[in-house]
Amino acid sequence: MNIIDKSKFLSLILRHDPSKANIVLNVNGWANVKDILSSVHLAMNELEDIVDNNNKKRFEFNSDKTKIRARQGHSIQVDVELKQQVPPDILYHGTKTNNVNAIKIHGIMKMKRLHVHLSEDEDTALKVARRFNGNPCIIKIDSKRMHDDNYVFFISNNGVWLTDFVPSKYLFSFLFNPAYISDNKTI
C-alpha cells in the first residue's frame with residue numbers, strides 16, 4: 001500500500017469503520033497510535049507525514065502523539081468535542097448538479113455523516129463538489145439567518161463548518177458549472 005492508500009485507509013478506519021483494522025475508538029474518536037502503526041503498517045514518520053500534509057487536515061494527534069483521530073466527517077457516533085460557534089453570514093456547500101432538485105425540496109441533509117459539511121468560501125466548496133462524479137454546483141447558504149433562527153453551528157479544528165441540517169428556505173443561490181466561467185448559471 002502506498003502512502004496515499006494508507007491515508008485513505010486511515011480515513012476509513014478513523015471516520016467510518018475501525019473494525020476494518022481491528023482498532024477501537026474511544027468516545028471522543030481517539031485511537032491509540034501504536035495500534036494504528038501496527039494495523040495500517042506505518043512507521044511513525046509516515047503517520048506524522050499523513051497528519052501534517054493531508055490537504056484537508058483531516059487528522060490530529062493528541063499533545064504527546066500517543067493518540068490520533070479524524071477531526072470531522074464521521075459516520076459513526078463519536079464526540080470530537082466541537083464547540084458551538086457563530087457562523088459567518090454566508091456559508092457554501094459543494095455538491096453535484098444531480099442533487100440540486102432534491103436539495104431544493106428537502107434541504108441539505110447529513111445523510112450517513114454526523115453533520116452537514118459547509119465551507120466559508122466558494123473555492124473550497126468547488127473542491128468538494130469536484131470529488132463527486134457529475135457537474136459541480138455550489139450552493140450559497142444564509143447561515144446568518146439560520147443562526148438567528150436558532151440553528152446550531154460548529155467549526156472543526158480544520159475549518160469545516162458543521163450543522164445538523166440546512167432547510168431549503170436558507171438556500172439562496174445555486175452556481176452551476178463553476179469551473180467554466182462562461183457557462184455559469186445562477187438561479
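We did not get these values from a lab; they are worked out from the coordinates using the rules stated. Just so we're clear, the structure is a prediction, and the values are computed from it rather than from any experiment. Note that we place each Cβ from the backbone using ideal geometry, even for glycine, and neighbour counts take in every protein chain shown.
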Residues of the stretch 113-148 classified as touching a helix residue (DSSP H, G or I) at 6+ places or on another chain (Cβ under 8 Å) and surrounded by fewer than 16 Cβ atoms within 10 Å (Cβ to Cβ), total: 2
Residue selected from the stretch 48-106 under the condition in a loop (DSSP other than H, G, I, E, B), surrounded by fewer than 13 Cβ atoms within 10 Å (Cβ to Cβ) and β-branched (Val, Ile, Thr), by the criterion farthest from the chain's Cα centre (by Cα): 66
Set 154, 176, 165: member being touching a strand residue (DSSP E or B) at 6+ places or on another chain (Cβ under 9 Å) and over 29 Å from residue 14 (Cβ atoms): 176
Total residues in the stretch 96-124, condition in contact (Cβ under 8 Å) with a residue 24 or more places away in the chain and more than 20 Å from residue 11 (Cβ to Cβ): 15
Residue tally, condition within 23 Å of residue 99 (Cα to Cα), in a helix (DSSP H, G or I) and out of contact with any Phe, Trp or Tyr (no Cβ under 6 Å at 6 or more places or on another chain), over the stretch 146-173: 3
